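Report on the following structure.
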Amino acid sequence: MILDFLFPRLCLGCEKNGGYVCAKCSSVLEDDFGGEIRVSDAHLEQLFFCLRYKKGGIVQKLIKQFKYKYSTEICKLFGEIFRKRIVRWHLRADVLVPAPTSRARLRDRGFNQSELLAKEICLKKVLDCLVRNDQHGAQAKLNRAGRINNLRGMIAMRSEFDVLGKKVLLVDDVATTMSTLKECARVLKASGAKSVCGVVIARGEC
């Protein structure tokens, strides 16, 4: 509280006092209903995004602040947006599966942002059943072709979990080439999932 008084957080949208998102900018986010991303994939049946992503815009800034400098405030905001959009889109699932992050990134950041988002949606339905191979490099700095090639064999199912016959909602923060989500869906389907749909905060720029 004292630090907030001495160093008040400025809105990432308009740079006015009022937290990372002021009331005015929050209402703008509420009016953005996102939409469905067309995916041509045998395993990922549908993919939805909650917010429209613009380079340098408030959504990009919120995601960066949450992803690299973890903020409870932003996590809860994204969770609320997720829940409202999921109801709006009439999505149903038996389990929520977060897209995995590597052990190296988990050590650096201390958290998997996709897992935190999934828990904000519905804690009791979260099934953290996927793992990511540390031997593969980070996706963010690769082009589209590089990302797809880099993913081969990168995602695996944890042996102690079971998704047989379950409807899965795959959760991630950003979909850019959608290659990570497609590979996750492939692994889940190979493990017996009945269906796999995805939901992300935003669609990124390639």
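Suppose the filter is within 22 Å of residue 196 (Cβ to Cβ) and exposed (fewer than 13 other Cβ atoms within 10 Å of the Cβ); does residue 38 pass it?
Criteria met by residue 38.
Residues 56, 18: which one is surrounded by 11 or more Cβ atoms within 10 Å (Cβ to Cβ), farther than 18 Å from residue 199 by Cβ and modelled with pLDDT under 95?
18
Quick one: residue 88 ticks every box in (1) more than 16 Å from the chain's Cα centre (by Cα); (2) under 15 Å from residue 169 (Cβ atoms); (3) in contact (Cβ under 8 Å) with a residue 60 or more places away in the chain except a single one, so which number is it?
Condition (3) is where residue 88 drops out.
Can you tell me which residue among 148, 155 is modelled with pLDDT under 90, β-branched (Val, Ile, Thr), closer than 17 Å to residue 179 by Cβ and more than 14 Å from the chain's Cα centre (by Cα)? Full working, then the answer.
Working: 155 fails: modelled with pLDDT under 90.
Going through 148, 155 in turn, the sole match is 148.
The values are calculated or read from the model by the stated rules, or taken from the named source; none is laboratory data. All figures in this text were calculated on a predicted structure; none of them were measured in a lab. All Cβ positions, glycine included, derive from the backbone under ideal geometry; neighbour counts span all protein chains shown.
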